[in-house]
Structures are given as C-alpha cells and as structure tokens.
1. May I ask for the distance between the Cα centers of segment 260-302 and segment 380-438, given as a whole number of Å?
2. Contact order normalised by length for segment 25-120, with contacts defined as Cα pairs under 8 Å and 6 or more residues apart; what percent is it?
3. Stretched out fully, how many nm does the piece from SER199 to THR152 gain, at 0.36 nm a residue minus the Cα gap?
4. Work out how much length ALA371 to THR486 would gain on full extension: take 0.36 nm times their residue separation and subtract the Cα-Cα distance, in nm to one decimal.
5. Stokes-Einstein D for segment 336-409 at 25 °C, 0.890 mPa s, Kirkwood Rh over Cα pairs, in µm²/s?
6. HN-Hα J couplings of segment 8-18 from phi, Karplus 6.51/-1.76/1.60, θ = phi - 60°, integer Hz, Gly and Pro as x?
7. Suppose each label sits 7 Å from its Cα in the direction of the beta carbon; what would the ALA221-ASP301 distance come out to in nanometres?
8. Could you give the angle, 0 to 90 degrees to the nearest 10, between helix 251-262's Cα long axis and the longest principal axis of the Cα atoms of the chain?
Amino acid sequence: MARQEWPEVVFSGDADPAVLSRAARRGTLRRLASGVYTGAVHLDPAEVVRRNLWRIVGHRLPGAVIVDRSARRAGPVDGLLVVDHPRTRPLSLPGVTVLARRGPGPVPGDMELPDGLWIASTARQLLDNLDRSRGAARRTLTDTEVEEWVDTLAGARGAGALYRLLDQARHLAPSLGRGRELARLEVMIRAAPGTGDVSALGSERLRARAAGRPFDAHRVAAFEALAADLSARAPDTVPALAADQPRRRLLPFYEAYFSNDIEGTEFTLDEAASIVFDAAVPRGRPADAHDVLATYEIVSDPAEMARVPASADDFEALLASRHARLMAVRGETLPGRYKTRANRAGGTEFVAPELVIGTLRRGFDIGAGLASPFARAVYLSFVTSEVHPFTDGNGRLARIMMNAELVAAGEVRIIVPTVYRANYLAALRGATHTGHYAALYAMLAFARRYTAQVDFSTRRSAEADLEGTNALRDATDAEAAGVRLTLPPGPATTG
C-alpha cells in the first residue's frame, strides 16, 4: 500500500480524524496545535508556522482583525500576534502565540486580506496602540513609540495627511470605544506641525519636529553608537611637533590634491601645482581648477583650520562658510546653502533635505563630550558625510572638518592618497550600512600614521615617498595587483 503524502498544512476537517491520528502516531504528520498538522515533518515546526501563519490563523479564527502592535508591524512581535476576535483562549503555535481580544471586528477603513483575515487601518492602529487598559502594555506600542510613528507619518505624508488621519480616527473612536485615546492622539497630531501643545510629549523626535527641527532618527542612532564606540577607545595622539614643521611645508597642497582626487576631480600633480602655485587654469576646466584651489586655500590657512565648532550653531556656521568658499564658482550647487533635493551615492540614501538641520544639530550635540581630538575628527567627518547637507562638495567638506579638529589641537592631519581611496570609501560604507565603526577608525588611524611619516618639505621628497609607498597607484588597479599602501621610512611621531 502506497504511503500517503500529506501537504505542508493539514486541518482536522481535511481528513477523517482517525486517519489523522494514525498518521501522527506513525510520524507522517506532526501536530502543530489542536486541529492543525503538518506533513513537512522534516522541517522545524516554527518555520512551518511562519510560512503558513495567515492560513492557520484564518482557519482557526475566521474574520480576525490584526490589531495593536501586531498591525503596526504587520505580523507577530516578540512571538505574539494580537487579533480582534471573539475567541477567548490564546492559540499557541510553535514560535507564535495568537492572542485574541474582543472588539467590534472589521470597521470602515480596515483592509481585507487573503485567508479571511483583516488588518486595522492606520487610524485604527493609532487609536488601538494608545490603549492603556489592563494588560494593554503587552500588546500595544508605548506612548513614545506612537509619537515617533506620528513623526514618521508627518515626514512621509505631511501635515495635511495627519489631519485626515485624525478625522478618520474621530469617526472610528465611538465604535472602538477609544474616546480617551482619541484625545491623546489629537495632542500628538496637532503638535507635529508646531501648532499644538508640546508639553505633554515624551518623544524627542516629535518635540524636535514641533520645534521646526525634525531629524533622521536612524542617523541619530548611528551617531550615538559611533560616539559610544569612540568614547571607549584610548586616545590616539600623533602630535605635529615643531621640529617636524619643515617636513609638513607642502602637506596642505597634497591634502587638497588627494581630497579632490577622491571625488573624481583628477589632475596630474604637475597640473595641480600649476593651479595652486602659479594660478594656471587648465583649458576647459576652470570649475575643477577652482575646486582644487579653494580646497588648498582653506586647508593651508592656519587661522581657518584653527576654527572648530563649540556649539551646534558654530557647526552649522562653519559648514556653511566653508562650503560657500569651496563651491563658489558652482552656483548650481547652492554654495553655502543646504540641499533642496535628496541626494544619494550608490546604495546610500542620505538625510532628506527637511531633516538636515535637525540631524546636524543632534549629531553635534551627541559628540560634544568627545575629548580626544582624533575621536572628534573621526566623528565630525562621519556626521558631515552621513548627513550630506549640501548638493555637492560634501566629501571634501567632511575631510576639512576632520582635519581642522586635528590642526587646532596641534596634531598631524590626515591625507587619503589615491591608492587608499577604495579603503576609505569601503570603511565609510561599512559604518553607514553595518555600523562597523572599528574599520573606519583603523583606516583613518593608519592614514594619519602614514601622513606623519611622509616628508612633505619639497615636491621631490614628498613624491619620492608617495611613489615608493604606492600612494599614487590607481586603487582599482592596485587592488587587482595585490598592491597596498605601505608606510614610508620617515620618522614616526606617534605619542
């Protein structure tokens, strides 16, 4: 007799109960819950449930509405799925407990799903998640989470959409029994555009939006993580000793050259030297020449490089003034003015224009306690790069902010030579996408040790060191050939 093949999910009504019982005893079926079996006995039961959750819930709790925290996440949270259904007992499944609470069932605005289920509308979700009755804490968002959700909605949809949601909530509140919740929701929604009372708000995000300075919460969390990482590290000091000053004579020139090279503004060293020292502009490239010259004028100015921000106001002012100088001949980039359109690089979407000011200011405040100049240099360069506050010139500006922290503290600045470009960009991407800050720290620390050992007293000595350490090699070609940046034989000044 051929062995019966069972599907992945079998319900008690799909076959004779005796047949199901025998199959379970033989091991050709596995019981998942009362009246629910699986023929995929080789799989983890929790995986079977995850793949078939809506079908199982729809069969056992027909007409259920996914509500509360579960509706916000569109699925279980911490192993709990909350639904509106008359069932009085939880449904325990491998990996998930379905908690049913009594409610009105589907109401206008709720969305019908396959398998006979519904999911609460956004207006209903907001009201339901403000429920603070007995036992609600287990199944609903906190007040702060709801306020952050309102902030997200305000940023994504605008104030008009928020007020439409409030109108929908007003219509739903009587049938849901959510009068108190409606009153609290109204406070949050009216506060978001800055037209209501913010004194009762607990969320920093919503308070910031109400004050006209909304911020990118994801980036702010990254800044907090980076600041914590840097605070835990021992100071890394490379002093710019007076005795070594002759060796640093042309360092600002090479800093400007390599910083522009990273951004794709490519000149030979001879061309760049003619631009900087002889005011010779290559034919057809006046804007590119200005980029190099403006960068050099900033980084070679001791007074300018001694300016570091002591407050969020200072931070904004320095960014704006330096950007205005950098991009003076590129009017389309809005020199000294924040971007008006979103910008991205590869797979990285930078901070939205309306969140730039709030994110910059929050970022500065988070790192204000960093004492080590190198830590502050790493931190402020990352904040500037992550926010990308301007239409163009952000990378060069980030490196200027980084090196100003070092110069002002009497420490050796950092150059990122051509061969090290890929390492630099990969470290930034790793910090952005995976929170791998150690690689960014280590890469910049090595670049600074490298810079400290190059003899920048003349072009001949500098370029001999640069050639001898592979610094001028194309990063892609060098990677393919297994060539790496090496330290020159000059004296290290690490302390």
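Since every read-out is calculated from the coordinates, none of them should be taken as a lab result. Bear in mind that the values here come from a model prediction, so they are computed numbers and not experimental data. In this analysis, Cβ positions are derived from the backbone assuming ideal geometry, glycine residues included, and neighbour counts consider all displayed protein chains.
1. When both Cα centres are located, 20 Å separates them.
2. On the way: 166 pairs, mean separation 25.0, N = 96.
Relative contact order for segment 25-120 comes out at 26 percent.
3. Between SER199 and THR152, full extension yields 15.0 nm more.
4. Residue separation times 0.36 nm, minus the Cα-Cα distance, leaves 38.4 nm.
5. Details: Rh = 12.6 Å.
Answer, rounded: 194 µm²/s.
6. 5, 10, 10, 9, 4, x, 7, 7, 4, x, 5
7. Between ALA221 and ASP301, the simple spin-label model gives 4.0 nm.
8. Value to nearest ten degrees: 40.
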